[in-house]
Amino acid sequence: MRRNIKFRLIFLISAIISYALGFQLLPDSLDGSNRQLIVSAFSILYFCVLPVIYWYCIIKVGEQKLWKMLLIFSLSSLMARFSFPAEIASYFEFIAWLRYPIIAILLVIELFLMVSIIKALWQARNLSGDPRIHILDTFQEEDDKKRSLALVLASEPASWYYATPYLSRNHVGAITKLKLRSAARWHWFMMTLGTLVMAALAYVIISSWSELVAIIVASITGYGVIMLAANYRISRHYSIYGHQDKLVINNSVWGFMSINLEDIANVELGSYPRKSDKQGLHFGYGNTSNTKLSFSKPQTYFGGMGQLSERVDVIDMHVSDPQVLAAYIQEYGENISAQDDDSQRQMHDCETACEPGDFPAQADSGI
């Protein structure tokens, strides 16, 4: 398990345990012995210990932006509103009041998303590649926050683009394929069946409490079959392909890289045990990789559907035909070298042919 993933799990487990203990152990009121001490201890846990864990595990190790600390403080305030004694919980009532502007903002965002999705789907009919790659090319010079939001908006049309063979009919062919379990039909079938079962169970469990909520939850859960279909088709047909002057690697639908081919410093073929480099970025299943790419400058891997980005200098992969991939990268390098040689030759010919004495003397303009 990679280091950043391990620390994300550490924070997640810490938060779940902390909030669960808060709901179980915090008293209903401050009357009684030791109750104020318990409340003080959980206040420190909610607003000091968990933010420190979040800062180290997510911000520092995960290399995320510092403004995301607002998320843990907001979450702790929400949990305090429902778990602290009534005398103190009232001070967190602002969280309850904030739900109205938050709902309004979410409705606006949902409307914007619907318009963006429909527009993006219509434009995607003529695209020759992943909509996320086109978004990445468009926002490559923008700041991380704007690019992150753009990738969120692109993920939905990208799912439909890959899930629907008609929309992805103009997609360029794959160079080779990553060895991914998600490329197997049985994997797609089992995941789809599990998603539909979960949707049905969610409806049965929640319907006794609220029919409307049950329909919403079941619909959202069942909607996951679109992403599962996209995950299957990406893994099976479009895991590694060329896009203009870039090499695109799709680690299923959940993560991808768009690598400048000229930034690939070295391609190594062989057997590379992953146990010797647990912190490295590995694509494909298995205990070993057969291809290693080294870069002359760091490249960005967009995990978590584009939201968990990290910079890497080396990656290794388990691909079906490493020789084909190496030949593709080598051919691109040779073409670039040939173009550079032609440019230098043309410049040399011009410098040789265009001597200063070859030009007629021009009259003084008097300026």
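Tell me, yes or no, whether region 49-62 has at least one residue that is part of a helix (DSSP H, G or I), in contact (Cβ under 8 Å) with a residue 60 or more places away in the chain and not polar (S, T, N, Q).
The answer is no, given that none of the residues of region 49-62 is part of a helix (DSSP H, G or I), in contact (Cβ under 8 Å) with a residue 60 or more places away in the chain and not polar (S, T, N, Q).
So which of Val253, Val314 is in contact (Cβ under 8 Å) with a residue 60 or more places away in the chain and either closer than 21 Å to Lys177 by Cβ or surrounded by 15 or more Cβ atoms within 10 Å (Cβ to Cβ) (or both)?
Val253
Find the residue count for region 51-66, including only residues that are among the aromatic types (Phe, Trp, Tyr) and crowded, with 17+ Cβ neighbours inside 10 Å.
Summing the residues that are among the aromatic types (Phe, Trp, Tyr) and crowded, with 17+ Cβ neighbours inside 10 Å in region 51-66 gives 2.
Of the residues that make up region 62-83, is at least one of a type outside the set (Val, Ile, Thr), over 30 Å from Glu156 (Cα atoms) and at pLDDT 90 or above?
no
Select from region 33-43 the residues that are open to solvent by less than 100 Å² (accessible area, probe 1.4 Å) and under 12 Å from Pro85 (Cβ atoms) and list them in ascending order.
Those that are open to solvent by less than 100 Å² (accessible area, probe 1.4 Å) and under 12 Å from Pro85 (Cβ atoms): Arg35, Ile38, Val39, Ser40, Phe42, Ser43.
I want to confirm something. Restricting to region 154-185 and keeping residues that are touching a residue at least 24 places away in the same chain (Cβ under 8 Å) and charged (D, E, K, R), which single residue is least open to solvent (accessible area, probe 1.4 Å)?
Only one residue tops the list, namely Glu156.
If I ask for residues that are of a type in the set (S, T, N, Q) and surrounded by 19 or more Cβ atoms within 10 Å (Cβ to Cβ), which ones from region 265-308 would you list?
Ser289, Asn290, Thr291, Gln299
Take the residues in region 216-247 that are among the charged types (D, E, K, R) and in a helix (DSSP H, G or I); name whichever of them is surrounded by the most Cβ atoms within 10 Å (Cβ to Cβ).
The residue in question is Arg233.
State whether the residues of region 97-117 include one that is modelled with pLDDT of 70 or more, crowded, with 17+ Cβ neighbours inside 10 Å, assigned to a helix (DSSP H, G or I) and over 21 Å from the mean Cα position of the chain (by Cα).
no
Considering Leu21, Leu30, which residue is touching an Asp or Glu at 6+ places or on another chain (Cβ under 6 Å) and either open to solvent by 30 Å² or more (accessible area, probe 1.4 Å) or closer than 30 Å to Val312 by Cβ (or both)?
Leu30
On the given criteria, is Thr291 farther than 30 Å from Ile329 by Cβ and touching a residue at least 24 places away in the same chain (Cβ under 8 Å)?
When the stated conditions are applied, Thr291 does not pass them.
Taking Trp188, is it at pLDDT 90 or above and either open to solvent by 40 Å² or more (accessible area, probe 1.4 Å) or in the same structural domain as Val324 (by the TED database) (or both)?
So Trp188 fits the description; yes.
The values are calculated or read from the model by the stated rules, or taken from the named source; none is laboratory data. Being a predicted model, the structure only gives us computed values, none of them experimental. Methodologically, a virtual Cβ is constructed for each residue, glycine included, from the backbone with ideal geometry; neighbour enumeration extends over all protein chains shown. Remember, those area values only see protein heavy atoms, side chains included, never the ligands or the DNA or RNA. Shrake-Rupley method; radii C 1.70, N 1.55, O 1.52, S 1.80 Å.
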